[in-house]
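Undergrad: Dumping the structure here so I can ask a few things about it.
The values are calculated or read from the model by the stated rules, or taken from the named source; none is laboratory data. Everything numeric here is computed off the predicted structure, so don't read it as measured data. Don't worry about glycine lacking a Cβ; one is built from the backbone with ideal geometry, like all the others, and counts go over all protein chains shown. What goes into the accessible areas is simple: the full protein's heavy atoms, side chains included, and nothing from ligands, DNA or RNA. Shrake-Rupley method; radii C 1.70, N 1.55, O 1.52, S 1.80 Å.
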Amino acid sequence: MRNSLLYVVVALCLTATGTSFAQSVERIAQAAINAKGKDCPNVTAVKAVGKTETGTTIVAAACSNGQRHVLKLLPNDTLEYVSTCAVFESKSKVKCF
């Protein structure tokens, strides 16, 4: 349910731009990861993993090089880098994938 909700939200945001939905979620996640200085050649999977105390959706992104990262879906429909999945999993006890 959470994962499908994320895709619905992102799809609605991207519809206005005419961007291909399936590729765009991964590209947006990749851009957010790379902007933080992390190496992510391609995002191969995106999964909702929870919400913050204020209701912000948290998503995990898997990269083609094996790295995994956590991002927040912000109210302005952008993704913000949070941490690696290893750090997130150790602090939250929630698995990314």
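Undergrad: Only residues in the range 50-67 that are open to solvent by 60 Å² or more (accessible area, probe 1.4 Å) count as the first member; pair them with residues that are among the acidic types (Asp, Glu), Cβ under 6 angstrom, at least 6 apart or cross-chain, and list the lot.
TA: Filtered contacts from the range 50-67: no entries.
Undergrad: Let me ask something else about it. Please go through the range 73-96 and pick out each residue that is open to solvent by 60 Å² or more (accessible area, probe 1.4 Å), within 22 Å of residue 27 (Cβ to Cβ) and modelled with pLDDT of 95 or more.
TA: 80, 82, listed by residue number.
Undergrad: Taking residue 48 and the conditions (1) closer than 19 Å to residue 35 by Cα; (2) under 9 Å from the mean Cα position of the chain (by Cα), which numbered condition does it fall short on, given that it satisfies the others?
TA: It is condition (1) that residue 48 fails.
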